[in-house]
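Participant: The structure's right below; bear with me while I get my questions together.
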Amino acid sequence: MEPEEKKEMLRRIPAVDRLLNSQGIREILGIYPRNLVLTAINQVLDKIRRDIQRGNAPSDPSFLTPENLSTKVSERAKILEQPSLRPVINATGVVVHTNLGRSLLAERVLRKFPSIAGGYSNLEYDLAKGKRGSRYSHVEGILKEITSAEAAMVVNNNAAAVLISLETLAKGREVVVSRGQLVEIGGSFRIPEVMRKSGARMVEVGTTNKTHLRDYEDVIGPDTALLLKVHTSNFQVIGFTEEVDAADLVTLAEKYGIPVMEDLGSGCFVDFSKYGLNKEPTVQEALSKGVDLVTFSGDKLLGGPQAGIILGKKRLVEAIRNNQLSRALRIDKLTLLALEETLRIYRDEQAALKEIPTLNIICQPYGTVKKKARRLIRMVGKISTENFAIDLVDGSSKVGGGALPLMVIPTCLLSLKPRRLAAHEIEAALRSNQPPIIARVEKDNVLLDPRTVMDKELKIVANAITSLAEAGA
Ligand SMILES: *Cc1c(COP(=O)(O)O)cnc(C)c1O
């Protein structure tokens, strides 16, 4: 298109005012709020201007009539009107999926939301004394009861828990940590950087694969404020490896009168090895070894809301609570409510395994998942399609993307093997379903793991597969 033609085309774009008075847009204004329609109009016109400038616009200018434009505006408005945060179906088999919202809350927890979220509560009010109370009091008692910790405190997430703990205990002083434990979690939490932000000086000891007790002892000096142990939750060094057990670290630290802190990452209360899964260190074990302070997430293996839980010696926890930063990192009442209710379920381990979705999904035996997969196939029914081939294959689910990718659980997968459609086309079509279905692509196969698909979602997945089978036929 010649520059002159482009100019002419740009001139033909109707003004917003004129559009607003057209029949089509007036109808749209009857459906959506005016501001939303204005945004939609501006976005549609901006896109048309860009298309014209790049020479991507149709050469017939009739697409600029108000009728044609209002169709585009209507489509755009419909998209804009959708909430941004929406439910999706997790068919990835990653139970604690950080990108998909980590843990699902238990039904019993959800039922508590209306009264606290929609009403006043004793969030920071001591009902017995009739005066100001502490928001942390609602979870401290139950956390102490479950873990036998001396004291407890909660903040926004585990990253915040580590930050405020280091800031309180070691600002301007030294923290000793093994080179084998300088982890990065989920791209934005890195031990060396959190350490720098806290104002503590990191003293690295040992090597990537081996760190000995004497490595720690060699660097302890008058400036040493803390020995830090970090659970290497998202990788494993295999071969010749050695790390120092928390109990030995505690013995050493006591000799020098220094506290030991452990960032457990996931932090679970249940010993999964009892249920045939990999051993994850429990919070209770860390505390029983004498670790002075442990921190962990509320929404990983614990199966609660996003939160950072800090447990340990009363003196240390109180210092953290009195740190000014605690105000900036504090958790809100909805989180507290969800956390307290989740913790209350842990009073009965069997109830926790049944009711807390994260635990329930992780512990679902292979046979149960296979039954679910077969049900899904039955719901899809007999289909003959050139688009892909459906099969059941064995594979593994994962406990958590950023958290525990090493813990794998045997599962039964529905595989959509590409034929006429490519794997990325199948994956994208499922993702554009309403609600979106998130699958994984492995070795050019699209895999759906029924483990993380709720029973009530099976029919939606089946329908999506059926319509994808019929697509383009
Ligand atoms: C996940 C994790 C964190 C960060 O926890 P968030 O709750 O995501 O802030 C910190 N340390 C370790 C070892 C972790 O596994």
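Where a number appears in this text, it was derived from the coordinates with a stated rule and is not lab data. Note that this is a predicted model, so its numbers are computed, not measured. Ideal geometry is used to build each Cβ from the backbone, glycine not excepted, and the neighbour counts take in all protein chains shown.
Participant: How many nm separate the modelled label positions at H212 and E184, each set 7 Å beyond the Cα in the direction of the Cβ?
Facilitator: Label at H212, label at E184, 3.1 nm between them.
Participant: Relative to the Cα centre, what is the charge dipole magnitude of the chain, using +1 at the beta carbon of each Lys and Arg, -1 at the beta carbon of each Asp and Glu, and rounding to the nearest 20 debye?
Facilitator: 1200
Participant: Would you please classify the overall shape of the range 226-332 from the alpha carbon gyration tensor, given that a ≥ b ≥ c denote the square roots of the eigenvalues, rounded means a/c under 1.5, and beyond that prolate means a/b larger than b/c while oblate covers the rest? Before the final figure, lay out the partial values.
Facilitator: On the way: a/c = 1.94, a/b = 1.15, b/c = 1.70.
Cα axes put the range 226-332 in the oblate bin.
Participant: If packing is taken as the average count of other Cβ atoms within 10 Å, what order do 287-296, 176-185, 63-72 fall into, highest mean first? Before the final figure, lay out the partial values.
Facilitator: On the way: 287-296: 23.0, 176-185: 20.0, 63-72: 16.8.
The peptides rank, most packed first, as 287-296, 176-185, 63-72.
Participant: Any idea how far apart K443 and N360 come out in nm if each label point goes 7 Å out from Cα toward Cβ?
Facilitator: Here the answer is 3.3 nm between the modelled labels.
Participant: Something else now. Between L392 and N68, how high is the FRET efficiency from 1/(1 + (r/R0)^6) when r is the Cβ-Cβ distance and R₀ = 41 Å? Nearest 0.05.
Facilitator: 0.30
Participant: Give me the distance in nm between label points sitting 7 Å out from Cα along the Cα-to-Cβ direction at L127 and Y256, one decimal.
Facilitator: Simple spin-label model gives 4.8 nm for this pair.
Participant: Could you state the per residue volume, in Å³, of the convex hull enclosing the Cα atoms of the chain? The partial results should precede the final answer.
Facilitator: On the way: hull volume 105.3 nm³, N = 473.
Hull volume over Cα atoms, normalised by residue count, gives 223 Å³.
Participant: Place a +1 charge on the Cβ of each Lys and Arg in the range 107-355 and a -1 charge on the Cβ of each Asp and Glu, then give the dipole magnitude about the Cα centre in debye, rounded to the nearest 20.
Facilitator: Here the range 107-355 has a charge dipole of around 900 debye.
Participant: Compare the peptides 38-51, 136-149 by average per-residue count of other Cβ atoms within 10 angstrom and give them in order, highest first.
Facilitator: Working: 38-51: 16.6, 136-149: 18.4.
In decreasing order of mean packing, 38-51, 136-149 become 136-149, 38-51.
Participant: With 26 Å as the cut-off, how large is the P(r) tail for the range 24-145, expressed as percent of Cα-Cα pairs?
Facilitator: Here the tail beyond 26 Å accounts for 58 percent of pairs.
Participant: Compute the distribution of all C-alpha to C-alpha distances in the range 3-80, in bins of 5 Å from 0, and list the percent of pairs in each, rounded to whole numbers.
Facilitator: Histogram of Cα-Cα distances, whole percents per bin: 3, 16, 29, 23, 15, 9, 3, 0.
Participant: Among 377-385, 213-221, how do they line up from the highest to the lowest mean number of other beta-carbon atoms within 10 Å?
Facilitator: 213-221, 377-385
Participant: Here is a further query. More than 22 Å apart: what percent of Cα pairs in the range 107-355 qualify?
Facilitator: 54
Participant: Given a Förster radius of 60 Å and the C-beta distance between L110 and R12 as r, what FRET efficiency does 1/(1 + (r/R0)^6) yield to the nearest 0.05?
Facilitator: Values: r = 54 Å, r/R0 = 0.90.
In this case the efficiency is close to 0.65.
Participant: Provide the net charge surrounding T411, with neighbours chosen by a C-beta distance below 15 Å and charges set as Lys +1, Arg +1, Asp -1, Glu -1.
Facilitator: Around T411, the surrounding residues sum to +4.
Participant: Quick one, can you get me the convex hull of the C-alpha atoms of the range 122-164 expressed as volume per residue in Å³?
Facilitator: 92
Participant: Set the Förster radius R0 to 51 Å, insert the Cβ-Cβ distance between Y275 and R26 as r into 1/(1 + (r/R0)^6), and round the FRET efficiency to 0.05.
Facilitator: Working from the Cβ atoms, E equals 0.25.
Participant: Considering only DSSP beta bridges whose two residues both sit in the chain, what percent are antiparallel, to the nearest 5?
Facilitator: 60
Participant: Which one, L329, T282, C412, is farthest towards the positive end of the dipole of the range 270-425 when Lys and Arg carry +1 and Asp and Glu -1 on their Cβ?
Facilitator: The residue sitting farthest along the positive end of the dipole is C412.
Participant: Picking from N21, I48, G118, whose Cα lies most toward the positive end of the charge dipole for the chain (charges on Cβ: Lys, Arg +1; Asp, Glu -1)?
Facilitator: Of the listed residues, the answer is N21.
Participant: Give me the Å³ per residue figure for the convex hull around the C-alpha atoms of the range 331-469.
Facilitator: 134
Participant: Taking the Cα centre of each part, how many Å lie between the range 226-259 and the range 260-298?
Facilitator: 13
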